[in-house]
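Everything below concerns the one structure shown next.
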Amino acid sequence: MKRQSSLAVLLMLALIAPVCGQTPAPTPATTSAPQETQEDPQLGDEDVVRITTNLIQVDAVVTDRSGRPVTDLRPEEFEILENGQAKAITNFSYVTLGGAGGEESAPRPATAAADKNAPPVPPARLRPEQVRRTIALVVDDLGLSAESMPFVRRALKKFVDEQMQPGDLVAIVRTGGGAGALQQFTSDKRLLTVAIENLRWNQLGRGGLSAFAPLQGKNMADELAGEVPGGSGGGTGASDDLDEFRGEFFTVGTLGALSYIVQGLRELPGRKSVMLFSDGIILNNTENQSTSFANSSGVQSLETRNNRIMDSLSKLIEFANRASVVIYTMDVRGLQGLGLTAADNAQGLGRPTTRGGLVVNPLQESLLARRTQFYESQQGLNYLAQQTGGIAIRNNNDVSNGIKKMLDDQHGFYLIGYHPDEETFDPKRTRFNKLEIKVKRPGLSVRYRSGFFGVTDESLRTPAPKTRAEQLSHAIIAPFASGDLDVQLTSLFANDAQSGSFMRSLLHVDASKLTFTEEPDGWRKLVFDIMAVTFGENGDIVDQVSRTENVRLRGETYQLILRNGFNYIITVPIRKSGAYQLRTALRDSATERIGSASQFITVPDINKNRLTLSGLVVTGFDPDKQKGGASGAALQNSAAKVLTDPQSGPGVRKLRRGMVLQFDYIIYNARLNKLSPPQPQLNTQIRLFREGRQIFEGNVLPFNLGGQLDLKRLSAGGRLQLGSDMAPGEYVLQVIVTDQLVKGKSGTATQWIDFQITQ
């Protein structure tokens, strides 16, 4: 990872316009205020489930016969039992999750909805107290068939577009993938959409091409030779055992991935949910229990292998219950016909035979085995949901409707607590304490967690990070930006002839919250630690840096840095197109206070010779005080100009009403005409959006080449006078470039960036 070679250059950037921008300030009051006023005071406590020596508190959901939530129950209408013994309820409340139903998001305006080029609404930077729902959408690609995966993709796309609400913190995670740029908790619909588009059938998993494998008998030569008479399924015992071992291996993989996700959710506040999309989980093998499988490590019984599955499942349930995680499951296969299909080789299954005086039909045996396996795989999903207080969706062909049911179930929940006895946490026994909750009002159903082991939360809690490396690493992987220090991250894509494609990022730091120690002769010293990690979409680390910086300042330079902050520039070479995420953390060495930020960016493939735009560089200036503007080459060369108001630079983008907004960018791969000399034929247009609504559309203007020599990389830009009556808040500037020499959608490229208008 590259940086400026001199800290003097870094500090000078506090006085000039930085190079790029996105994800600036916190969301405006129009977005955050309604969430704060609707917040239930009970949600301020992060621990929904508590397991301590003084209090056992669990959550429960009560529904009527139609599945609708019941919210008006009183403590005396509940009964809670631990290991069969009734306990007196000492804590009781009902928590409503505002807007937590499966209702659709507010539709975008018709003008934007009909416009495929309309930019997305910028994501809000959620603070922990603003989160209403935390949802992990877990795609079990280790267990999904190729037939099921498209249904999952479509349903998740609909969830993001229509069902995701303000205040939702969402991650889309594959059980067969690492924690990459596309598997992070976020409120950014762009990142989630790209993650959905990258979902693929995992050929190495236990899921085949369809919901169940076709029946395969022996071939005609074997049949005529009389081999394996009456064989059912046509396979050998060794191959059947190999298939079962493979299925068990990937089942443990699915449960292990879920445990990893649940343990990560423990760090997040409130009640969390996991929605698992799978083709089923088989927990126990009920046939051929005496069969063994020989491999390089010896002989392993099926019973031993099944114990490994149950051990993984028990750990997952315990993790989920302690982390206040509810697991919902959905069998994506839907309602299946379990009879013969066109893919089945019924003829090769063999002829009926007599066993013990009974006629055995191999075809009927095979179909019975198919049905048994199908129902057993559903029972695994049912058990997992039941033990963690969730619901299991099965025999449902509409995946989107299944998601809606799971969302509707999160309308609210009861918190029920009691004082445990000494036996609950007896260290000599460490037993599993079974819980049971009953509702006395007739006609109601209650769902709750199955129980807990006799170990307190305090004894299991991970100690707080202490060392420099631990603190920075913890901030890097945290789903929320740290609020101790005020930092803002800006990342943009660009390309030049020498370096190729790269991602240039600017970390703007509010120096007023940092500690400067006094030194002789008026010098002030600042020591801070910086860590930056760039993740690829599959979890691979593309680039990383961790270092300690020492800065000495005095006089006017110190005052300017203290007042305006400074910018830390990071340039990451990109060798492969795709989705990336830069996660940064800065630590004040004196106070150990930390600020963190992350940025998602998509890098296009310039070598495809399609029309492409770089990121937008936005600068604001007062027309009465400053006439000039930054060059469009600023992104290429890190060039910039002195600003009268650093807050209006590309790193912060807080502009005042009446300012002139200047934007600069680079156009790549414009087609050239056949004139001499060849010329591009481009049209440009700008549009302005606020809260998803288009409020301004500029004229379509021809691009002016202006004597530029590098026709593969054309510098472009323009200015926009901001009105004196524009409402404060978040805005989006969009640039549209059309190549008149290219037909179809590949001849249009768009880019956008958000900025804020203050008073």
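The values are calculated or read from the model by the stated rules, or taken from the named source; none is laboratory data. What you see is a predicted model; the values in this text were computed from it and never measured. Neighbour counts run over all protein chains shown; Cβ positions are idealised from the backbone, glycine included.
Yes/no matrix, rows are residues, columns are (1) in contact with a strand residue (DSSP E or B) (Cβ under 9 Å, 6 or more places away or on another chain); (2) exposed (fewer than 14 other Cβ atoms within 10 Å of the Cβ); (3) over 30 Å from N607 (Cα atoms):
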| residue | (1), (2), (3) |
| --- | --- |
| L514 | yes, no, yes |
| D521 | no, yes, yes |
| L526 | yes, no, yes |
| V542 | yes, no, no |
| query | Taking the range 526-583 as the search range and keeping residues that are more than 24 Å from the chain's Cα centre (by Cα) and among the aromatic types (F, W, Y), which one is farthest from R468 (Cα to Cα)? | reply | Y558
| message | For the condition touching an Asp or Glu at 6+ places or on another chain (Cβ under 8 Å), modelled with pLDDT of 55 or more and crowded, with 19+ Cβ neighbours inside 10 Å, what is the one hit in G180, G167, G207? | response | G207
| query | Regarding L709, is this residue among the aliphatic types (A, V, I, L, M) and at pLDDT 90 or above? | reply | no
| Is it the case that some residue within the range 421-432 is outside any helix (DSSP H, G or I), in contact with a Ser or Thr (Cβ under 8 Å, 6 or more places away or on another chain) and at pLDDT 80 or above? | no
| Pairs under 6 Å by beta carbon, first residue assigned to a loop (DSSP other than H, G, I, E, B) in the range 461-477, partner modelled with pLDDT of 65 or more, six or more apart or different chains? | P465/Q471; P465/H474
| field | One residue from F293, F277 being modelled with pLDDT under 50, at negative phi and surrounded by 15 or more Cβ atoms within 10 Å (Cβ to Cβ) | value | F293
| field | Selection count where residues are surrounded by fewer than 20 Cβ atoms within 10 Å (Cβ to Cβ) and touching a residue at least 60 places away in the same chain (Cβ under 8 Å), scope the range 737-755 | value | 6
| message | Restricting to the range 656-694, name every residue that is more than 28 Å from K743 (Cα to Cα) and under 31 Å from the mean Cα position of the chain (by Cα). | response | R690, E691, G692, R693
| remark: Selection from the range 63-96 of residues small (G, A, S) and under 14 Å from H411 (Cβ atoms) yields S66, G67
| task | Select, from T557, T548, the only residue that is of a type outside the set (G, A, S), over 30 Å from T612 (Cβ atoms) and out of contact with any strand residue (DSSP E or B) (no Cβ under 9 Å at 6 or more places or on another chain). | result | T557
| field | Filter result for the condition that a residue is closer than 21 Å to L255 by Cα and in a helix (DSSP H, G or I), over L368, L381, L407 | value | L381
| query | So which residues in the range 695-714 are among the polar types (S, T, N, Q) and either touching a residue at least 60 places away in the same chain (Cβ under 8 Å) or within 27 Å of V732 (Cα to Cα) (or both), if there are any at all? | reply | N699, N704
| said: When the residues of the range 707-759 are narrowed to those that are part of a strand (DSSP E or B) and among the basic types (K, R), which ends up nearest to F689 (Cα to Cα)? | reply: R719
| task | Could you run through the range 451-494 and say how many residues are within 30 Å of F755 (Cα to Cα), modelled with pLDDT of 65 or more and not hydrophobic (A, V, I, L, M, F, W, C)? | result | 8
| field | Qualifying residues in the range 296-307 (those that are surrounded by 18 or more Cβ atoms within 10 Å (Cβ to Cβ) and in contact with a Phe, Trp or Tyr (Cβ under 9 Å, 6 or more places away or on another chain)) - the one modelled with the highest pLDDT | value | R305
